[in-house]
Amino acid sequence: MKKDLPIGFFDSGIGGLTVLYEALRMLPHERYIYYADSDRAPYGTRPKDEVRTLALHATDFIVDQGVKALVIACNTATSAAIGDMRQRYKVPVIGMEPAVKPAVTHTGDPKRVLVFATELTLKEAKFRELVARVDTRKQVDFLPLQELVLFAERFEFDEQVILPYLKMKLQAVNLNEYSTIVLGCTHFIYFKKIMEQVIPPDVRIIDGNRGTVLNLKNRLGECLNEGPGGITYFLSDQPKPAAYFEKYLRLLEPASAKT
């Protein structure tokens, strides 16, 4: 494994940029290829076999560029195709997993855990098996928020649009019953600050991004690049100017970094 080879990142769209952002913080000297299949998004409402086919087409493209590792920065694609990818490629393949385990083991909190995810992720056997394995107290509930994917892909972050949607989806949910909300889709992280306006302040909101990047770092071992780094972007097989993606990365910066 050559140290200066890039790391491939794949997502159905721009949600995986939230994982890439964490990687840029933790592994700033690496080179990256980011592939967004936005022309075919969203994946979350498609049949599993179709998602598998689309995901493998995209990851074949990425691996053909020459990468030293592949991150599937998409919970839906991970659920549908991670097993096939690990058999298909010789490089390490790191998938996403909703952070259900840390949610249910957090200080033994007796309150419940609510998972926000796409429809396909919540239906998939991989997710159900994860919950069955770690949710020994039967405290995990689920809520699909599929439309957030579409909002993000359209760069729609207006509170006057997002807040009514969240309130409508949560109107039948007693949030006081919960200690933790798990963001089980990388697109949802863009909306975390808006979610905090409708979720009680004592309910923590977590995701699996940092754990995924730590896994990547561990898998790379000694094969870390010493720089210079950089990112090459693709949108459904075609090169795409960085500006299209960087506007999303800027949304993730702390407020202090934007001033």
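The values are calculated or read from the model by the stated rules, or taken from the named source; none is laboratory data. Quick caveat: nothing in here was measured; it's all calculated off a predicted structure. Using ideal geometry, Cβ is built from the backbone for each residue, glycine included, and neighbour counts are taken over all protein chains shown.
With Leu214, Leu249 as the choices, which residue is exposed (fewer than 14 other Cβ atoms within 10 Å of the Cβ), of a type in the set (A, V, I, L, M) and modelled with pLDDT of 95 or more?
The unique qualifying residue is Leu214.
Which residue pairs have Cβ atoms closer than 6 Å, lie 6 or more positions apart in sequence or on different chains, and pair a first residue in the stretch 74-87 that is in the same structural domain as Asp49 (by TED's automatic domain parsing) with a second residue that is assigned to a helix (DSSP H, G or I) and of a type in the set (D, E, K, R)?
Ser79/Lys126; Ala80/Lys48; Ala80/Arg52; Ala81/Arg52
Filter the helices (runs of 4 or more DSSP H) completely within the stretch 137-197 down to those with at least 3 residues that are in contact (Cβ under 8 Å) with a residue 60 or more places away in the chain, of a type in the set (A, V, I, L, M, F, W, C) and at negative phi.
147-153
Within the stretch 17-48, take every residue that is β-branched (Val, Ile, Thr) and touching a strand residue (DSSP E or B) at 6+ places or on another chain (Cβ under 9 Å) and give me the one that is surrounded by the fewest Cβ atoms within 10 Å (Cβ to Cβ).
Per the criteria, the residue is Ile33.
Let me confirm something: among Val213, Val198, Val203, which residue is aliphatic (A, V, I, L, M), touching a Lys or Arg at 6+ places or on another chain (Cβ under 9 Å) and more than 24 Å from Asn75 (Cα to Cα)?
Val198
Output the number of residues of the stretch 109-146 satisfying the condition of being surrounded by 16 or more Cβ atoms within 10 Å (Cβ to Cβ), under 19 Å from Gln171 (Cα atoms) and either over 18 Å from the mean Cα position of the chain (by Cα) or outside the structural domain of Tyr165 (by TED's automatic domain parsing) (or both).
3
Which of the helices (runs of 4 or more DSSP H) found entirely inside the stretch 1-98 contain at least 2 residues meeting this: of a type in the set (Lys, Arg)?
Ranges flagged: 48-64, 75-88.
Run down Ile199, Ile181, Ile206 and say which single residue is touching a Pro at 6+ places or on another chain (Cβ under 7 Å), surrounded by 17 or more Cβ atoms within 10 Å (Cβ to Cβ), at pLDDT 95 or above and over 20 Å from Phe10 (Cα atoms).
Of Ile199, Ile181, Ile206, the one residue that is touching a Pro at 6+ places or on another chain (Cβ under 7 Å), surrounded by 17 or more Cβ atoms within 10 Å (Cβ to Cβ), at pLDDT 95 or above and over 20 Å from Phe10 (Cα atoms) is Ile206.
Quick one: which residue in Leu214, Leu251 is in contact with a Phe, Trp or Tyr (Cβ under 7 Å, 6 or more places away or on another chain) and either more than 17 Å from Ile62 (Cβ to Cβ) or free of Cβ contacts under 8 Å to residues at least 60 places away in the same chain (or both)?
Only one candidate qualifies: Leu251.
Which of the numbered conditions does Tyr89 fail, given that it passes all the others? Conditions: (1) at pLDDT below 95; (2) hydroxyl-bearing (Ser, Thr, Tyr); (3) surrounded by fewer than 22 Cβ atoms within 10 Å (Cβ to Cβ).
Single failed check for Tyr89: (1).
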